[in-house]
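The values are calculated or read from the model by the stated rules, or taken from the named source; none is laboratory data. Quick caveat: nothing in here was measured; it's all calculated off a predicted structure. Don't worry about glycine lacking a Cβ; one is built from the backbone with ideal geometry, like all the others, and counts go over all protein chains shown. Surface areas here come from the heavy atoms of the whole protein model, side chains and all, with no ligands, DNA or RNA. Shrake-Rupley method; radii C 1.70, N 1.55, O 1.52, S 1.80 Å.
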Amino acid sequence: METAVDAYHADLLRYAWRNAHKEEVAATCKRNLRSDDATLIAAEMGALIEDADPTIDVVEHYIVSLREEESFGEHLDATVDTLLRGLGLQNCPAVAALHRDTDNEHIHLVVLRIDKDTGEIVDPLKYDIIRAHQMLAVLEAETGWSREVNARWQVQKGRLVLDEQTDIGPADDPSSWPDRYFPTNKLSSAARNKETKTGIESAERIVRRVVPGLIESHDNLTDLLKALQHEGISLSKKGSGAVYRVTTKGETGEARDEFVRCSVIRRWSYGMLRAKYGELPDEFGTDASPRYSRAVDGSPDRPHYAAMRAEYIERLNGITRSVRMALLRTPQLNGAIASGRSACIFPSLEAWRQGELPPDPGEVMFAHVGARIFEAPVSTVHNQIRAQPDDVYIAAPSKRRIIYQRRGSLMGPSRIVDFGNRIVLIGRASASELSKTMALFAARETMVVSATGLNKSEWKVATRVAASYGITLIAANRDRFGVGRMAGKTSDGAQHQPNSQDRTTTSSDDHTQHAARSVPETGTGGDRIDAKGSTPILTQRAQPIKPLAAEFLAWQHAEAAHDAARRQSEQGSTLAALGRELDRCAWTLERQVAEVGTAEIDLSSGDRARLAAQAQRHTDRIQATAAMQAGLVR
């Protein structure tokens with residue numbers, strides 16, 4: 001008999017039970033079931049499902065995983081019973097299996113939401129995930145497992161407590177706990193991200209800090225609104241709730257409005273405000289006094305620090321994406337990029353105040369993967385990037401980038417990958433590659449380009465090539481992420497310069513700043529070796545690049561298109577004449593077909609139909625050829 005559990009759910013049960021691989025299952029247990037075999041359990045559950053005839057899925061799958069140093073031990077049965085009791089499924093068929101096939105012990109719990117006694121479907125909790133986390137807090141108290149990082153729930157003196165202050169109920173009576181959502185006291189992710197990027201207090205933080213005290217000290221709505229307006233805050237209904245409007249004034253004096261839901265203050269939700277003050281105003285007040293923005297921690301240089309850090313991280317992320325898309329993805333490449341990112345750490349506020357600067361992401365990525373980075377100061381919209389093949393390079397568009405490869409050397413060691421405002425050069429940096437790179441920037445009327453990863457000789461060539469296109473080539477400047485005049489000075493009054501291999505110097509030849517970087521050493525296999533000669537770091541400068549199949553086909557299509565365009569320019573008039581001749585032939589053939597259809601000749605209907613169809617096929621072929629050739633001419 002086919003049942004609803006015979007397909008996906010049967011596979012799930014067999015995966016958890018693993019009859020054929022018992023060595024992978026450390027322990028098993030079941031509740032409210034008679035069978036011990038996964039196949040028989042599936043059949044038993046299937047029979048219950050058919051009797052209940054549910055309209056929705058009634059099989060639930062939960063996974064509980066521990067840290068590497070922890071073990072379920074003798075707590076498997078207690079864990080299953082505690083979870084089932086907390087979820088209200090203690091009278092439902094359930095199967096659990098303990099797996100140790102990973103670094104973390106974990107159990108799979110499969111539950112059928114059908115009461116074994118009544119055969120009725122048991123409705124799930126509305127917030128079953130929250131309830132599961134609550135039960136984990138109970139298990140942590142019972143078993144001694146360590147608490148989850150940033151866990152909101154814990155058991156204190158036999159009571160379940162939220163955020164170390166709100167009593168939910170007895171820890172051993174989950175049925176008394178409310179089944180609802182519990183908003184967090186922490187700032188929302190949007191507010192945290194804003195404060196991280198700007199260093200300035202978010203509107204949500206202002207509301208959380210200012211509004212509760214004003215509500216506690218004012219029992220009249222009019223007085224409350226006046227007090228809020230004095231703080232630059234207005235209150236109004238919106239939809240089915242209410243929002244605060246926070247008006248702040250920046251350093252330049254411009255006012256800006258931000259809106260925060262009143263529900264961010266749990267004690268004073270929309271319903272609680274109405275219960276205390278009655279109906280709230282339908283519109284915001286007009287006489288709120290803007291409040292000046294202030295730093296999160298009160299430090300006057302925090303906003304500048306946050307802006308520099310956000311700019312640095314944005315550039316690091318952009319370079320990482322470009323390098324990852326420019327190179328063939330391999331585990332070694334992923335590890336090298338991860339190693340490079342871990343080296344790009346923005347200094348702490350205190351270290352930044354002392355003049356410490358972060359490493360340049362472009363130089364770091366070159367040291368790890370051998371990718372040279374060229375950047376324009378202003379971003380270029382991607383849909384404006386156009387392929388620019390020539391007699392030396394073919395162009396292959398591929399997912400937000402255009403890949404340039406030398407003709408006749410598709411498996412060669414060099415490629416140029418164009419992302420618009422950023423170009424990644426893989427492999428050698430000869431005059432040809434540098435010239436193509438600058439030609440791409442010049443086509444977008446770029447006047448200034450920054451470069452990283454060039455040694456002294458390459459820099460001289462690149463500067464000369466850039467000048468021929470009217471482009472000024474500069475080195476990526478780390479100093480823009482510094483504190484400027486706040487940087488420390490040496491005893492003789494000179495500006496302090498932290499020791500770094502990425503320090504910029506001035507060339508006596510062209511008086512242009514560039515990165516004075518020695519050529520990194522390489523190992524016997526071509527891998528780059530760090531300064532200490534210990535850990536090899538991936539480089540692909542001297543290795544042939546193996547393109548993906550899609551890239552290879554794209555290059556072939558680009559090569560064919562270039563050849564066709566060249567033939568078009570050389571033989572355009574001949575192709576046009578041939579196209580006209582084919583059109584005349586097609587017209588003649590159509591007329592013959594018409595004559596055959598009307599002529600009084602002794603042909604059977606079948607012969608006439610075959611002749612007409614054959615003529616029509618010839619006509620279609622001629623017309624298609626003519627259209628193709630005419631398209632090449634155009």
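Filtered by the rule that a residue be in a loop (DSSP other than H, G, I, E, B) and surrounded by fewer than 14 Cβ atoms within 10 Å (Cβ to Cβ), the range 249-273 gives Gly250, Glu251, Thr252, Gly253, Glu254. Flag not set for Glu195, criterion: in contact with a strand residue (DSSP E or B) (Cβ under 7 Å, 6 or more places away or on another chain) and modelled with pLDDT under 90. For the range 216-250, taking the residues that are touching a residue at least 24 places away in the same chain (Cβ under 8 Å) and among the acidic types (Asp, Glu), the one that is nearest to Arg205 (Cα to Cα) is identified as Glu231. Identify, by number, the condition in (1) closer than 24 Å to Val149 by Cα; (2) modelled with pLDDT of 85 or more; (3) out of contact with any Cys (no Cβ under 8 Å at 6 or more places or on another chain) that Leu76 doesn't meet. All conditions pass for Leu76, except number (3). Based on this model, can you work out whether Asp282 counts as out of contact with any strand residue (DSSP E or B) (no Cβ under 8 Å at 6 or more places or on another chain) and not in a helix (DSSP H, G or I)? In short, no. Against the numbered list (1) at pLDDT 90 or above; (2) over 24 Å from Val138 (Cα atoms); (3) of a type in the set (A, V, I, L, M, F, W, C); (4) open to solvent by 20 Å² or more (accessible area, probe 1.4 Å), Ile114 comes up short only at (4).
Inside the range 37-67, residues that are over 19 Å from Arg131 (Cβ atoms) and in contact with a helix residue (DSSP H, G or I) (Cβ under 9 Å, 6 or more places away or on another chain) make up a count of 9. Among residues of the range 193-234 being out of contact with any Phe, Trp or Tyr (no Cβ under 8 Å at 6 or more places or on another chain) and small (Gly, Ala, Ser), the one that is most open to solvent (accessible area, probe 1.4 Å) is Ser217.
In the range 329-377, what residues are part of a loop (DSSP other than H, G, I, E, B) and open to solvent by 50 Å² or more (accessible area, probe 1.4 Å)? Scanning the range 329-377 gives Arg329, Ile345, Ser348, Gln354, Glu356, Pro377. For the range 313-332, the condition of being at pLDDT below 80, more than 17 Å from Leu349 (Cα to Cα) and among the small types (Gly, Ala, Ser) holds for none of the residues. Selection of the range 190-219 for residues being closer than 18 Å to Val246 by Cα and of a type in the set (Ser, Thr, Tyr) yields Thr198, Ser202.
If you take the residues in the range 231-248 that are assigned to a strand (DSSP E or B) and among the charged types (D, E, K, R), which one is farthest from Phe284 (Cα to Cα)?
Initial filter on the range 231-248 (assigned to a strand (DSSP E or B)): 233-238, 241-248.
Next cut, among the charged types (D, E, K, R) only: 237-238, 245.
Values: Lys237: 9, Lys238: 10, Arg245: 8 Å.
This residue is Lys238.
Against the conditions (1) part of a helix (DSSP H, G or I); (2) at pLDDT 85 or above; (3) open to solvent by less than 80 Å² (accessible area, probe 1.4 Å), Leu12 satisfies every one except (2). Selection within the range 48-92: residues that are assigned to a loop (DSSP other than H, G, I, E, B) and hydrophobic (A, V, I, L, M, F, W, C). The member of this set that is farthest from Asp172 (Cα to Cα) is Ile56.
Conditions (1) in contact (Cβ under 8 Å) with a residue 60 or more places away in the chain; (2) open to solvent by 70 Å² or more (accessible area, probe 1.4 Å); (3) assigned to a loop (DSSP other than H, G, I, E, B); (4) touching a helix residue (DSSP H, G or I) at 6+ places or on another chain (Cβ under 9 Å), marked per residue:
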position: Lys126; (1), (2), (3), (4): no, yes, yes, no
position: Ile130; (1), (2), (3), (4): no, no, no, no
position: Gln134; (1), (2), (3), (4): no, no, no, yes
position: Ala137; (1), (2), (3), (4): no, no, no, no
position: Asn150; (1), (2), (3), (4): no, yes, yes, no
position: Asp167; (1), (2), (3), (4): no, yes, no, no
position: Asp172; (1), (2), (3), (4): no, yes, yes, yes
position: Ala191; (1), (2), (3), (4): no, no, no, yes
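Listed by first and then second residue, the pairs linking a residue in the range 266-291 that is of a type in the set (Phe, Trp, Tyr) to a residue that is open to solvent by less than 30 Å² (accessible area, probe 1.4 Å), with Cβ atoms under 6 Å apart and 6 or more places separating them unless they lie on different chains, are Trp268/Ile215; Tyr270/Gly241; Tyr270/Ala242; Tyr270/Cys262; Phe284/Ser234; Phe284/Ser236.
Counting just the residues of the range 152-165 that are hydrophobic (A, V, I, L, M, F, W, C) and touching a residue at least 12 places away in the same chain (Cβ under 8 Å), which one comes out nearest to Lys186 (Cα to Cα)? Before the answer, list the steps.
Initial filter on the range 152-165 (hydrophobic (A, V, I, L, M, F, W, C)): 153, 155, 160-162.
In the following step, the residues that additionally are touching a residue at least 12 places away in the same chain (Cβ under 8 Å) were identified as 153, 155, 160, 162.
Details: Trp153: 14, Val155: 21, Leu160: 20, Leu162: 13 Å.
That would be Leu162.
Counting the residues of the range 275-310 that are farther than 30 Å from Leu221 by Cα and exposed (fewer than 14 other Cβ atoms within 10 Å of the Cβ) gives 3. Step by step: first the residues of the range 408-427, then only those that are farther than 19 Å from Leu333 by Cβ, at pLDDT 80 or above and assigned to a loop (DSSP other than H, G, I, E, B), then the one that is most open to solvent (accessible area, probe 1.4 Å). Which residue is that? Checked the range 408-427; the qualifying residue most open to solvent (accessible area, probe 1.4 Å) is Asn421. You will find that of Asp219, Asp297, the residue that is out of contact with any helix residue (DSSP H, G or I) (no Cβ under 7 Å at 6 or more places or on another chain), under 30 Å from Arg353 (Cβ atoms) and not in a strand (DSSP E or B) is Asp297 and no other.
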